[in-house]
Structure formats: C-alpha cells, structure tokens
Amino acid sequence: MFKALENSLFVVDRKRYELVRQRANAFNSNYTGSNIIQDDIFHIMENYVLQHGMQLEIFRYPFGDADFCACTFIRSGRVFVVINTTMTISKQIFAAAHEFYHLYNYFEEYDPTYQQHGSILDSATMDEETTKLEDMEANAFAGLILAPNRSIQEQMSIYHIRRDSINSRDILMLMEIYAIPYKAMVLRLFEDEIIDEEKAREFFMITEDLILKQSSLTGRAKRWQRVDRDISFGSLNENMERVSILDAVDDEQIKQDSARIKEIMDIISGNS
C-alpha cells in the first residue's frame with residue numbers, strides 16, 4: 001500500500017511541519033491573498049522569481065522516464081524549472097508547487113550551500129536522509145499553499161461537505177476546487193484533522209483507477225485528471241522568433257539551432 005502517511009512530514013516531524021505551515025501561510029499572505037491557486041502556480045512562480053531579480057524559465061515536456069516528475073536548477077543567473085507532462089495536470093501543478101518550495105528556500109534564506117543540482121540540493125553537503133526530509137517539507141508546503149486550511153473550511157461549508165460523512169465524491173469536489181491529486185487532498189484533510197487516521201487509510205486504499213473512473217462519471221475534477229503533453233521551452237521559441245525578425249542571426253544559424261532543439265527533444269523523449 002502507498003505509505004502516504006508514513007512519508008508525510010505531518011506524521012514524521014510535527015514540529016517541522018508546523019514551521020512549514022507558518023512559511024506557507026506567510027507566502028499566501030504576501031503573494032496570493034485569498035485566491036485559490038490551481039494552475040496559476042506557474043505565473044505565481046514566475047512573478048516571485050522576477051521580484052527577486054532573476055528570470056524563470058519553465059520547461060514542460062513529456063519525458064520518456066515515468067519516474068521523473070520535476071526538477072529545478074540555476075544557470076547563468078536564470079532559474080529553470082523542468083516538469084514532465086506525461087503526468088496529469090493536477091500532478092504537474094503539485095510538482096510545480098513542490099519545486100517552488102526549494103526556490104522559496106533559496107531566495108528567502110539565500111543559503112550558499114544550495115547549488116545547481118537537481119532541486120537546488122547540493123549533493124556534496126546533503127545526505128540522503130536530509131534530502132528526503134526536505135522533499136517531505138516540499139510536499140507539505142505544496143499542499144498547504146494549494147489548499148490552505150481556512151479555504152478548505154470555507155469550501156466545505158459552501159458545498160455542504162460534512163466532516164462526519166465525508167466520502168470519495170466529496171474529495172473529488174475538493175480536488176476540482178484545488179486542482180491537486182487525490183492522495184494530496186486526502187492528506188490535507190488528515191493534516192487539518194478533518195478526517196482521522198483510520199479514515200485517511202481507508203481513503204488511501206481506493207485505487208487511482210477507481211478515482212479516475214468516478215471523476216469521469218461525475219465530471220468532478222475531470223479537467224485536472226487529463227494528461228496534456230504540453231511542450232514548452234520557456235522563452236526559447238519566443239527569443240528565436242525575435243532574433244529572426246530582427247535579422248540578428250543568419251538563417252543558417254536559426255536552422256542549426258532548430259535542428260539542435262529537435263535533437264534534444266528526441267533525446268529526452270527517448271526517441272533517439
């Protein structure tokens with residue numbers, strides 16, 4: 001069984017979880033207000049990085065590696081976030097929010113030990129246990145900014161979702177509202193003590209296939225469960241178009257660069 005509870009910061013280190021909750025609340029107060037984020041997470045990340053004097057490039061591509069979700073790194077004064085679009089849209093949103101936690105740490109603390117390795121974690125100074133703990137923090141942060149406690153309470157009241165009789169259809173409704181994956185939504189309800197551990201484990205026993213079927217039948221959260229194999233290389237195509245219009249680069253160079261991009265796309269999609 002998927003060990004969502006055993007792998008959650010809320011269960012593993014409650015004190016640390018409360019610190020992450022405080023950071024998430026501070027972020028929401030400063031950058032999102034009372035808005036429900038959903039897929040605006042990408043614009044929020046871009047705005048946040050710009051306010052800290054850097055440029056964000058979000059690369060979205062259907063990578064051939066099913067185990068790869070997302071990563072973040074910095075090169076030449078730019079922040080790059082890479083997301084695998086073979087995931088459902090809700091999982092892409094959650095992955096982006098997860099990566100945002102590493103960015104948030106980097107900019108708010110400006111810790112020089114953060115390096116250009118994966119999710120800005122320095123492999124030379126971060127052992128496996130520390131990396132795992134920070135990933136737990138990132139998952140907790142993602143859930144908290146995408147589905148804040150006060151908002152969950154409000155939406156449950158609006159949609160007449162009762163604590164004592166909450167079911168999978170109710171969770172689908174909340175997934176529709178917050179655009180986050182099923183397990184992440186169940187975990188948020190557990191963290192906010194809306195459901196107890198026994199109920200959480202009961203919900204975790206429901207298979208993803210059954211949730212997808214219920215989503216398809218009811219229409220709830222359906223838009224977030226589809227797989228959109230979107231391809232985006234940040235501002236690369238826009239910049240290539242600009243230099244082409246301005247004749248800043250000769251046609252042969254543009255042709256070579258386009259061929260190189262295609263070659264890279266073939267490599268990362270496993271077609272080479």
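The values are calculated or read from the model by the stated rules, or taken from the named source; none is laboratory data. Small disclaimer: the values here were computed from a predicted structure and weren't measured. Glycine gets a Cβ as well: all are built from the backbone with ideal geometry, and neighbour counts include every protein chain shown. Just the protein is used for accessible areas: all its heavy atoms, side chains included, with ligands, DNA and RNA removed. Shrake-Rupley method; radii C 1.70, N 1.55, O 1.52, S 1.80 Å.
State whether the residues of region 85-93 include one that is of a type outside the set (S, T, N, Q), within 23 Å of residue 186 (Cα to Cα), outside any helix (DSSP H, G or I) and at pLDDT below 90. For region 85-93, residues of a type outside the set (S, T, N, Q), within 23 Å of residue 186 (Cα to Cα), outside any helix (DSSP H, G or I) and at pLDDT below 90: absent. Taking the criterion of being under 24 Å from residue 71 (Cβ atoms) and either modelled with pLDDT under 95 or open to solvent by 70 Å² or more (accessible area, probe 1.4 Å) (or both), the residues of region 25-38 that qualify are 27, 31, 32. Filtering 59, 63, 27 for residues that are assigned to a strand (DSSP E or B) and within 17 Å of the chain's Cα centre (by Cα) leaves a single hit, 59. Quick check, is residue 107 in a helix (DSSP H, G or I) and modelled with pLDDT under 90? Taking the combined requirement at face value, the residue satisfies it.
Okay, residues lined up against (1) among the charged types (D, E, K, R); (2) free of Cβ contacts under 8 Å to residues at least 12 places away in the same chain; (3) surrounded by fewer than 20 Cβ atoms within 10 Å (Cβ to Cβ):
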{"residue": "65", "(1), (2), (3)": "yes, no, yes"}
{"residue": "73", "(1), (2), (3)": "no, no, yes"}
{"residue": "84", "(1), (2), (3)": "no, no, no"}
{"residue": "90", "(1), (2), (3)": "no, no, no"}
{"residue": "96", "(1), (2), (3)": "no, no, no"}
{"residue": "99", "(1), (2), (3)": "yes, no, no"}
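Selection of region 133-171 for residues being open to solvent by 50 Å² or more (accessible area, probe 1.4 Å) and assigned to a loop (DSSP other than H, G, I, E, B) yields 159, 160, 162, 167. Quick check on my filter: what residues within region 222-232 are at pLDDT below 95 and either of a type in the set (A, V, I, L, M, F, W, C) or over 29 Å from residue 58 (Cα atoms) (or both)? 227, 231 - these are the residues of region 222-232 that are at pLDDT below 95 and either of a type in the set (A, V, I, L, M, F, W, C) or over 29 Å from residue 58 (Cα atoms) (or both). Looking only at residues in region 1-24 that are among the aliphatic types (A, V, I, L, M) and either in a helix (DSSP H, G or I) or free of Cβ contacts under 8 Å to residues at least 12 places away in the same chain (or both), the one that is most open to solvent (accessible area, probe 1.4 Å) is 19. Would you be able to say whether some residue in region 40-54 is surrounded by fewer than 21 Cβ atoms within 10 Å (Cβ to Cβ), touching a residue at least 60 places away in the same chain (Cβ under 8 Å) and either of a type in the set (D, E, K, R) or assigned to a loop (DSSP other than H, G, I, E, B) (or both)? Scanning region 40-54, I find no residue that is surrounded by fewer than 21 Cβ atoms within 10 Å (Cβ to Cβ), touching a residue at least 60 places away in the same chain (Cβ under 8 Å) and either of a type in the set (D, E, K, R) or assigned to a loop (DSSP other than H, G, I, E, B) (or both), so the answer is no.
Out of all the residues in region 68-84, which are assigned to a loop (DSSP other than H, G, I, E, B) and either among the hydrophobic types (A, V, I, L, M, F, W, C) or modelled with pLDDT of 85 or more (or both)? 68, 69 - these are the residues of region 68-84 that are assigned to a loop (DSSP other than H, G, I, E, B) and either among the hydrophobic types (A, V, I, L, M, F, W, C) or modelled with pLDDT of 85 or more (or both). Out of curiosity, is residue 186 modelled with pLDDT of 90 or more, surrounded by 12 or more Cβ atoms within 10 Å (Cβ to Cβ) and not aromatic (Phe, Trp, Tyr)? The answer is yes for residue 186.
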